[in-house]
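Enquirer: Below you will find the structure I want to go over with you.
The values are calculated or read from the model by the stated rules, or taken from the named source; none is laboratory data. Here the structure is a predicted model, which is why all the values come from computation and not from measurement. Here the Cβ positions follow ideal geometry from the backbone for every residue, glycine too, while neighbour counts run over all protein chains shown.
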Amino acid sequence: MNPPRRIGLKEAAAMLAEAGRVLLFLHISPDGDTIGSSLALCHALRRLGKEAWCVGVDPVPRIFRFLPGWDSLFVPWAEVQGEWDLGVFLDCGDRHRVGAAEPLLERCRVTLNIDHHASNSLFGDYNWIDHQAAAVGEMTYRLIQALGVRLDPGMATCLYTSLVTDTGSFRYESTTPETHRIAAELIAAGVRPYQVTEAIFENETLGRLRLLSLCLGTLRLHAGGRIATMQVPLAMLAEAGAEPEDVDGLVNYARSVQGVEVGMLFRELEPGRVRVNLRSRGLVDVSEVARRFGGGGHPRAAGCTLAGTLAEAEAAVVAAAAACFAPDGVAGDPGPEPREAADPNRPAGAGDVEPAGEGAG
Ligand SMILES: [Mn+2]
């Protein structure tokens, strides 16, 4: 096996320009960044006359089904035929992030990994990683420019969705002047900002709001008010009439409480198995906390899966996080440049961070 190769924009664009058949891989629990980037690039490659398809294991969340190509550009992963010149991964911190589609990597002569997670495992044959990019959509914008494809309103809308969701509507610290410059170009290319944000942020189902209501009822403070937890038992989804994807992003409400440094959401996946989402304001590196339980992620957004009951999982993870606070209430170095912090008002799937390099579940 060759050592992983790091490349830049020019080489990445050259690889795409040379390839005839291209598969674009989305990560599991797809968010606005992986969806928007993959769709935009797929449109651009087809404009160049290439055979390009998107592949994702999980369905596109309801709120992104206004994006052009959200269904027509996808090929079901189990039905992918033949050999491909190039497999491209967008917003995938690790090869396991493509889930059950992982064996398809072997059908791609060459793989190109395009990502902005600092924790990226460099799993591609070639890897273009820019952890300064607020969203992979920024990198995809530059790629499409480099390929000489003129943006149409559809492509621009896909890229704008990527930017809006991964930056929490341009509010997170990852947002740069470049993010806004690109957004301006996208609007000039035909994006109608309110059409995008209305579809994503003002499109709640009654089930999700009922779930939020029930979930807020479980909010508890720990560690002198610096940790907040919420729980979603199995029965809660049915009681609310909510979909599994409606749980995405609820953890942000826990962190949004005044004085809370770390927010946690404990969700019962099945009896004896609990999924934990962690959000930090920056004082505690929650990816370290998650790693202790076999998970991972970003310093401000991470996750892990534990065996046991909700109460057992909560006790264990709260204790681990509380230990990160020094006696004077100040934790250590908050870690690298934050990105993709979370939005308390963000609905399901709207850019919820699926931690990079995290283990199964
Ligand atoms: Mn992203």
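Enquirer: Which residues, taken from region 25-55, are farther than 12 Å from THR140 by Cα and in contact with a Ser or Thr (Cβ under 8 Å, 6 or more places away or on another chain)?
Expert: Those that are farther than 12 Å from THR140 by Cα and in contact with a Ser or Thr (Cβ under 8 Å, 6 or more places away or on another chain): PHE25, LEU26, HIS27, ASP31, GLY32, CYS54.
Enquirer: In region 243-295, which residues are aliphatic (A, V, I, L, M), over 17 Å from LEU216 (Cα atoms) and assigned to a strand (DSSP E or B)?
Expert: Once the filter is applied, which keeps residues that are aliphatic (A, V, I, L, M), over 17 Å from LEU216 (Cα atoms) and assigned to a strand (DSSP E or B), region 243-295 yields LEU269, VAL274.
Enquirer: Related question: Output the number of residues of region 117-141 satisfying the condition of being within 15 Å of the ligand (Cβ to nearest atom) and in contact with a Leu (Cβ under 8 Å, 6 or more places away or on another chain).
Expert: Of the residues in that region, 10 qualify.
Enquirer: A further question on this structure: Please work out which residue is nearest to the ligand (Cβ to nearest atom), limiting yourself to region 33-71 and to residues that are assigned to a loop (DSSP other than H, G, I, E, B) and under 19 Å from LEU151 (Cα atoms).
Expert: LEU67
Enquirer: All but one of (1) assigned by TED's automatic domain parsing to the domain that holds HIS131; (2) of a type in the set (A, V, I, L, M); (3) on the phi > 0 side of the Ramachandran plot hold for ALA184; which doesn't?
Expert: Condition not satisfied by ALA184: (3).
Enquirer: I'd like to check something: does region 107-116 contain any residue that is part of a loop (DSSP other than H, G, I, E, B) and either out of contact with any Gly (no Cβ under 7 Å at 6 or more places or on another chain) or within 16 Å of the ligand (Cβ to nearest atom) (or both)? Spell out the reasoning first.
Expert: At the first step, the residues of region 107-116 found to be part of a loop (DSSP other than H, G, I, E, B) are 116.
Going one step further and asking which of them are either out of contact with any Gly (no Cβ under 7 Å at 6 or more places or on another chain) or within 16 Å of the ligand (Cβ to nearest atom) (or both), we end up with 116.
Yes, that holds for at least one residue.
Enquirer: Going through region 146-168 one residue at a time, which ones are within 16 Å of the ligand (Cβ to nearest atom) and at negative phi?
Expert: CYS158, LEU159, TYR160, THR161, SER162, LEU163, VAL164, THR165, ASP166, THR167
Enquirer: Which of the following residues is among the aliphatic types (A, V, I, L, M), over 30 Å from LEU237 (Cα atoms) and under 20 Å from the mean Cα position of the chain (by Cα): ILE187, ILE129?
Expert: None of the other options fit; the residue is ILE129.
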